Amino acid sequence: MIINNEVVVKNPASSFSKFCFEWLEPFVQALAVVLFLFCFFFRIMNVSGESMMNTLFDGDKIFVLKWGYVPTDGDVVTITHGQIYEEPIVKRIIATEGETLKIDFSDGSVWVNGEKLNETYIKEPMWLQEDGEIPEVIPKGYSFVMGDNRNNSLDSRSKAIGLINNKNIIGKVKYILLPYNRFREVK
């Protein structure tokens, strides 16, 4: 190519590099946005174990909403609990800070603020008591959690798990994503 009486040779390698950079730039930007969203707004996680049956099953892939989540009774949540597990655990919030809690192991009933919970989500009546202390009033900054499969769940009834510091709650489980035949909102 001749420009102003000078011969200019185009470097095919630089043209190819420029093409690659222009082609890859939107993908790198999209990846950065996705990573930002995963860090602060939501997560996709796998369920491991049977403690949340029949709500969640082992191997379910779940969508967890993190941004601005405040623990609320009845919510299914994921929890980082490094003392026992390397991976986060999934449980249901039964009572939050300031609420009174009573569990009657003779009939498996759970009472929060003097009202018996209507727990249609549990797999079977609870008979397993575990070895932990159950506080009458949940302390500030903590939540009491249990699995829906109460007789096969290590949860706040156990010394190993105990009360959950709200700072350790990752977020609320909103959807089952996989397997496809179980795609639905989690309640």
Please state, as a whole number in µm²/s, the translational diffusion coefficient that the Stokes-Einstein equation yields for the chain at 10 °C and 1.306 mPa s, with Rh defined as the Kirkwood radius across alpha carbon pairs.
83 µm²/s
Please list, in order along region 167-176, the HN-Hα scalar couplings obtained from phi with the Karplus expression 6.51 cos²θ - 1.76 cosθ + 1.60 (θ = phi - 60°), rounded to whole Hz, x for Gly and Pro.
5, 8, 7, 6, x, 8, 6, 9, 9, 8
How compact is region 46-129 by the rule of thumb for globular proteins, expressed as Cα Rg over 2.2 N^0.38 Å?
1.18
Find how much the distance from Val33 to Glu124 grows on full extension, using 0.36 nm per residue of separation minus their present alpha carbon separation; answer in nm with one decimal.
28.5 nm
Just to verify a number: what accessible area does Phe36 come out at with the full protein assembly present, 1.4 Å probe, Å² rounded to tens?
110 Å²
Leaving out ligands, DNA and RNA, what percent of the accessible area of the chain is carbon and sulfur, probe 1.4 Å?
58 percent
Computed on Cα atoms only, the convex hull of region 117-187 has an orientation-averaged projected area in nm² of 6.1 nm²
Comparing Ile103, Ile93, Ile62 in a Gaussian network model of the chain (Cα, 10 Å), the one with the largest mean-square fluctuation is Ile103
Run the 1.4 Å probe and let me know the accessible area of Leu65, rounded to the nearest 10 Å².
70 Å²
Could you tell me the calculated FRET efficiency between Asp131 and Asn46, based on Cβ-Cβ distance and R0 = 22 angstrom, to the nearest 0.05?
0.20
Nonlocal amide H pairs with Leu177, under 5 Å, H built at 1.01 Å:
Lys61, Ile62, Phe63
Between the modelled labels at Phe19 and Leu117 (7 Å from Cα along Cα→Cβ) the distance in nm is 6.2 nm
For Ser158 and Leu65 in the same chain, what is the full-extension length gain: residue separation times 0.36 nm, less their Cα-Cα distance, in nm?
30.8 nm
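The values are calculated or read from the model by the stated rules, or taken from the named source; none is laboratory data. Model, not experiment: these values are computed from the prediction. Don't worry about glycine lacking a Cβ; one is built from the backbone with ideal geometry, like all the others, and counts go over all protein chains shown. When the accessible area is computed, the model is the full protein with side chains, heavy atoms only, and any ligands, DNA or RNA have been set aside. Shrake-Rupley method; radii C 1.70, N 1.55, O 1.52, S 1.80 Å.
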